[in-house]
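Engineer: Quick one: structure below, then a few questions.
The values are calculated or read from the model by the stated rules, or taken from the named source; none is laboratory data. Small disclaimer: the values here were computed from a predicted structure and weren't measured. All Cβ positions, glycine included, derive from the backbone under ideal geometry; neighbour counts span all protein chains shown.
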Amino acid sequence: MANETPDEIELPSFDELPDAEGGGKTAWHLFGQHDDVGLINLQTPHRTLAAARAVRTGKVFSLSPPLDLVDPPLFDRRRPEHHVKRHEIGMDDWLDGFYLQGSAQWDSLGHIAFRPERYYNGVSGDDIVEGGRNSVLHWGLRGIAGRGVVLDMTTAHVHDGRPYDPGSRHGFTVAELDRAAEAAGVTIEPGDVLLLHTGWLRWYQDQPTATKESFASREHLRAPGLAPSEDMARWLWDHHVCAVAADNPAVERCPVGDRTASPYAFLHTQLIGGFGMALGELWWLDDLVRDCVDDGVYEVLLVSAPLPLRGGIGSPANALAIK
């Protein structure tokens, strides 16, 4: 189970974090040497209660598309095979070849290492697979519930009036995130989950089969997302968000950068492995964003129930936004 965490824990700034050998920053052990939850610790009871006050209309938005929307699966994953067993009084079913990160999903803190065999808080791959450290088990047992802030990155003002193509490899900058937050009328607070609407998943849904088949290859996949840089890592840390979830394949733009080029070329390394930040991908945000545009309210109560799977590297998000 997660450690108890004070409501008002003081976190250092990005520049105050220890410099890691080989570059980058680590936020290891800020929540204790045995912590497996990472920045989700910032979703304290006080903050979750405050987030619940964002519920005004009672509207509920599922942020999970159909499991087979992305087909063929990305990143060389397999299609799940659905089986139904009929028996005398009903039916049972199961899935074979079900990749836990094939649709709307969370990356656990065991997904990407900060350094080879050095994951968040310094644990090893064996610690994760055999001991359950940094796995989705800990989020599953704890639950994820807090304030979600919707940033619509598709709006024209974010791009200084330039045409925006959700099928491009556009990298959103820190300045664009600031302008999106200003346009939404929100102030990002510690423990928030950023919900980044890039428009990619809706765009993908409308593409011909040939385009979808080409995207199944890691080399040919393209999508807009966060621009990898030290400034982006600093911005995310200094706002003390606990998670970022997007409607694209990797939160950051695809193809992703070469992690050997610089400590920040592949953001997953710094965000997951260095900070202990949860990343969500392939979330369905279009319906929620449409409602935010209609009523001008871009904050929600976000709840998610990851699988309590010991050693789990990823999990379906099972996320709901409540307004």
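Engineer: For region 165-211, which residues satisfy the criterion of being over 24 Å from Gly146 (Cα atoms), in a loop (DSSP other than H, G, I, E, B) and without any contact (Cβ under 8 Å) to a residue 60 or more places away in the chain?
Structural biologist: Asp165, Pro166, Gly167, Ser168, Thr173, Asp206, Gln207, Pro208
Engineer: So, one more: What number of residues in region 212-230 are surrounded by fewer than 17 Cβ atoms within 10 Å (Cβ to Cβ) and part of a helix (DSSP H, G or I)?
Structural biologist: Going through region 212-230 one residue at a time, the tally reaches 4.
Engineer: Quick one: in region 42-62, which of the residues that are in contact (Cβ under 8 Å) with a residue 40 or more places away in the chain and of a type in the set (D, E, K, R) is nearest to Ala321 (Cα to Cα)?
Structural biologist: My answer is Lys59.
Engineer: Of (1) outside any strand (DSSP E or B); (2) under 24 Å from the mean Cα position of the chain (by Cα); (3) not aliphatic (A, V, I, L, M), Arg56 satisfies all except one. Which?
Structural biologist: Unmet condition: (2).
Engineer: Follow-up question, since we're still on this one. Find the residue count for region 180-210, including only residues that are surrounded by fewer than 17 Cβ atoms within 10 Å (Cβ to Cβ) and within 15 Å of Asp165 (Cα to Cα). Walk me through how you get there before you give the answer.
Structural biologist: Step one: of region 180-210, the residues surrounded by fewer than 17 Cβ atoms within 10 Å (Cβ to Cβ) are 182-183, 185, 187, 205-210.
Subsequent filtering for residues that are within 15 Å of Asp165 (Cα to Cα) retains 205-207.
Adding up the residues that qualify gives 3.
Engineer: Turning to a different aspect of this structure: For region 84-107, check the following and say yes or no: at least one residue is small (Gly, Ala, Ser), assigned to a strand (DSSP E or B) and under 19 Å from the mean Cα position of the chain (by Cα).
Structural biologist: Going residue by residue through region 84-107, those that are small (Gly, Ala, Ser) are 90, 97, 102-104.
Right, trim to assigned to a strand (DSSP E or B) and you get 90.
Those left that are additionally under 19 Å from the mean Cα position of the chain (by Cα): none.
No.
Engineer: Against the definition (farther than 25 Å from Phe266 by Cα, in contact with a Lys or Arg (Cβ under 8 Å, 6 or more places away or on another chain) and not in a loop (DSSP other than H, G, I, E, B)), how does Asp68 come out, yes or no?
Structural biologist: Numbers: farther than 25 Å from Phe266 by Cα: yes; in contact with a Lys or Arg (Cβ under 8 Å, 6 or more places away or on another chain): yes; not in a loop (DSSP other than H, G, I, E, B): no.
So Asp68 does not fit the description; no.
Engineer: Further question: So is Pro255 within 18 Å of the chain's Cα centre (by Cα) and more than 27 Å from Leu30 (Cβ to Cβ) or not?
Structural biologist: Numbers: within 18 Å of the chain's Cα centre (by Cα): yes; more than 27 Å from Leu30 (Cβ to Cβ): yes.
Yes: the conditions hold for Pro255.
Engineer: Can you run down the residue pairs with Cβ atoms below 6 Å, 6 or more apart or on separate chains, where the first is in region 255-269 and of a type in the set (D, E, K, R) and the partner is not in a loop (DSSP other than H, G, I, E, B)?
Structural biologist: Correct list of pairs: Arg259/Thr269.
Table: residues versus (1) exposed (fewer than 11 other Cβ atoms within 10 Å of the Cβ); (2) in contact with a helix residue (DSSP H, G or I) (Cβ under 6 Å, 6 or more places away or on another chain); (3) of a type outside the set (D, E, K, R).
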position	(1), (2), (3)
Ala51	no, no, yes
Val55	no, no, yes
Phe61	no, yes, yes
Pro65	no, no, yes
Leu69	no, no, yes
Pro73	no, no, yes
Arg79	no, no, no
Val84	yes, no, yes
Asp96	yes, no, no
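Engineer: Here's another thing I want to ask about it. How many of the residues making up region 3-19 are at pLDDT 95 or above and either more than 22 Å from the chain's Cα centre (by Cα) or not in a loop (DSSP other than H, G, I, E, B) (or both)?
Structural biologist: Residues in region 3-19 being at pLDDT 95 or above and either more than 22 Å from the chain's Cα centre (by Cα) or not in a loop (DSSP other than H, G, I, E, B) (or both): 7 in total.
Here's the yes/no breakdown for (1) at pLDDT 95 or above; (2) over 19 Å from Thr198 (Cα atoms); (3) out of contact with any helix residue (DSSP H, G or I) (no Cβ under 7 Å at 6 or more places or on another chain):
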residue: Ala246; (1), (2), (3): yes, no, yes
residue: Glu252; (1), (2), (3): yes, no, no
residue: Pro255; (1), (2), (3): no, no, yes
residue: Arg259; (1), (2), (3): no, yes, no
residue: Gln270; (1), (2), (3): yes, yes, no
residue: Val289; (1), (2), (3): yes, no, yes
residue: Asp294; (1), (2), (3): yes, no, yes
residue: Pro306; (1), (2), (3): yes, yes, no
residue: Pro316; (1), (2), (3): yes, yes, yes
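Engineer: Next up: Looking only at region 114-154, count how many residues are in a strand (DSSP E or B) and either over 20 Å from the mean Cα position of the chain (by Cα) or buried (at least 23 other Cβ atoms within 10 Å of the Cβ) (or both). Give the steps one after another, and end with the answer.
Structural biologist: Quick first cut of region 114-154, residues in a strand (DSSP E or B) only: 115, 118, 144-152.
Now narrow it down to the ones that are either over 20 Å from the mean Cα position of the chain (by Cα) or buried (at least 23 other Cβ atoms within 10 Å of the Cβ) (or both): 115, 118, 144, 146-151.
So the answer is 9.
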